[in-house]
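Beneath this line is the structure, given in structure tokens, with notes to follow.
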Amino acid sequence: MLVLFETPAGFALFKVLDEGKLNKVEDLSKEFLAADSARKVVSLKAFSKFENTAEALEAATKLLESTPSKGLRKFLRAHCDGETLGVADSKLGNAIKEKLKIDCIHNTSVMELLRGVRTQLTELISGLGAQDLAPMSLGLSHSLSRYKLKFSADKVDTMIVQAIGLLDDLDKELNTYAMRIREWYGWHFPELTRIVQDNIHYAKTVKLMGDRANAAKLDFSEILPEEVETELKEAAVISMGTEVNDLDLMNIKELCDQVLSLSEYRAQLYDYLKSRMNTVAPNLTALVGELVGARLIAHGGSLLNLAKQPGSTVQILGAEKALFRALMTKHSTPKYGLIYHASLVGQAAPKHKGKISRSLAAKAALAIRCDALGDDQDNSMGLENRAKLEARLRALEGKELGRSAGSAKGKPKIEVYDKDRKKGAGLITPAKSYNPAADSVLGQTTNSGALDEQDTAPRKKKKVEVEPQEEEAAEVAAIEDKKEKRKKKKKADQEASLPISGNELENEEPVPKEKEKKKKKKRQAEDSGENVEGEEEEEKKKRKHVEEQEPEVQTKKEKKKKRSGD
């Protein structure tokens, strides 16, 4: 019986000298406490050495997949004819049995035997020392880890995270220093802030010019255009700034040197970041650019962590505060985060930015996974997806209106509408026409409306005719109202002086008298050309007056009854 043992240096085959001891598994570990007793149990039959690290890595990966490598198959064919082989992996034993027709055993006794061989490995294999075995195992483990994790020393995204952070800090410092130069030198030459807008050009101009009196003598052609240079020299002559001494100018120039050195370092750092992004994440760089891609990686922590995120998360990375605020207040969630600064989103119209950012985030998620876990080192996938997104953007902008209007192949077919014809069929029964005579309610309302219009028409004519005589009719009506009020007071006093019983009060009907008064007023109005609307107002006033007088009359009569009863 043979036993297969794997080492970092190669494969070893051990011959079991006493197979009877395998039956006593509990006592087997005692046999390997010393090297002499171990040599009585097993002895080395053959050893296959790895020629280089690549061969060792290939054999180790094959063993992890439970398949024999090419070198192992040759080794077993040469030394295992007609022998039973003990292995540490049952799946590996099945594969060897299928391919090499060698009987394999995997049980507790074999595992205990392999454990004992491992403890006395350096004694059983001559020429293999502990000082050589340790570095070989360490190097093989590192190579195996890199292979399993697809690790590459060139794809270190930690440098990208640090570089983009430093780039943002440099931008802040440059803006702070440039504003300080403008504020400081502005006391001496305030017009220069308006003339030179760029911070770097401003610092170079201040460093070259110094005192504004030197502007006329100097040549600014290397820094500024001709038009700006002439404007600067004219403004220096008539400037309203204060005078500064040489010590102040020296400090201002030192600050300008700091700004210029920081700007140069920033340019170098941007070139470094651009090269690293093209190496680490070429597809993501082709889609969104170097700066946006680096900020996405920095926000995700690493390229591998970012590859685990879905497209919806990539879309709103950087807008977490807005997202949770929208969820708390039950408003609409943000459509984009850091991806908003990508060139494709910037090219889109405001109403299409949400759609393009969603499509770009989906493609960016695929590109990130390809960069993090793929073997390809080119940006072909990113360029292909960018072309698709640009085509989609053109379609959204309205350059392919035919497809969005209806049919998939071109412009939609426009047919004349026929209410008596179905699609793909002949004529159908025509729809019943509406009969207005059947609707009796609508007919009555329309007739009444027509009568109202006929009634209002002559009134309007009368109103037009009466307009010249309105003032005279108003005066006559006022005089008649006064006379009628006096008559009513007299009659009320007379009725109050006479004793009247309750039955007579109930039988009284003041309505006919009021009717006669109304008739008289109508006749007078017709004679004087009084307006009809004025008559209605007067009638309302008289009704109110009568209603006010009736309770007074009743109260007086009740008082008289009480007195007569007493």
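Values in this text are rule-based calculations from the coordinates and carry no lab data. Because the structure is predicted, anything quoted here is derived from the model rather than measured. Methodologically, a virtual Cβ is constructed for each residue, glycine included, from the backbone with ideal geometry; neighbour enumeration extends over all protein chains shown.
The table that follows gives values for the structure above.
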{"item": "For the stretch 281-399: rounded, prolate or oblate by the Cα gyration tensor [a/c cutoff 1.5]", "result": "oblate"}
{"item": "Förster-model FRET efficiency, 60 Å R0, ASP246 and LEU64, C-beta, rounded to 0.05", "result": "0.20"}
{"item": "The stretch 96-152 - Rg and Dmax from Cα coordinates, angstrom", "result": "16.1, 42"}
{"item": "Relative contact order (%) - criterion: Cα under 8 Å, at least six apart; region: the stretch 281-399", "result": "38 percent"}
{"item": "Per-q log10 I(q)/I(0), the stretch 158-269, q = 0.10, 0.12, 0.22 Å⁻¹ (Debye; single scatterer per alpha-carbon; no solvent)", "result": "-0.32, -0.44, -1.19"}
{"item": "Reciprocal mean inverse distance between Cα atoms of the stretch 233-285 - Kirkwood radius, Å", "result": "14.8 Å"}
{"item": "P(r) histogram, all alpha-carbon pairs of the stretch 6-89 included - 10 Å bins from 0, percent", "result": "15, 42, 30, 13, 0"}
{"item": "Phi-based couplings in Hz for the stretch 252-267 (Karplus 6.51, -1.76, 1.60; Gly and Pro marked x)", "result": "5, 5, 5, 5, 5, 4, 4, 5, 5, 5, 5, 5, 5, 5, 5, 4"}
{"item": "Cα Rg, Dmax (largest Cα-Cα span) when computed across the stretch 61-125, Å", "result": "12.3, 34"}
{"item": "Distance between the stretch 359-391 and the stretch 1-80 - C-alpha centres, whole angstrom", "result": "47 Å"}
{"item": "Inter-label distance, nm, simple model (7 Å from Cα along the C-beta direction), LYS21/LYS541", "result": "13.9 nm"}
{"item": "Global geometry of the stretch 2-149, whether rounded, prolate or oblate, following the gyration tensor of its Cα atoms and the 1.5 cut on a/c", "result": "oblate"}
{"item": "Distance in nm between pseudo-label sites at ASP378 and GLU226 (7 Å out along the Cβ direction from Cα)", "result": "4.9 nm"}
{"item": "Descending Cα extents along the principal axes, the stretch 243-327, whole Å", "result": "61, 37, 18"}
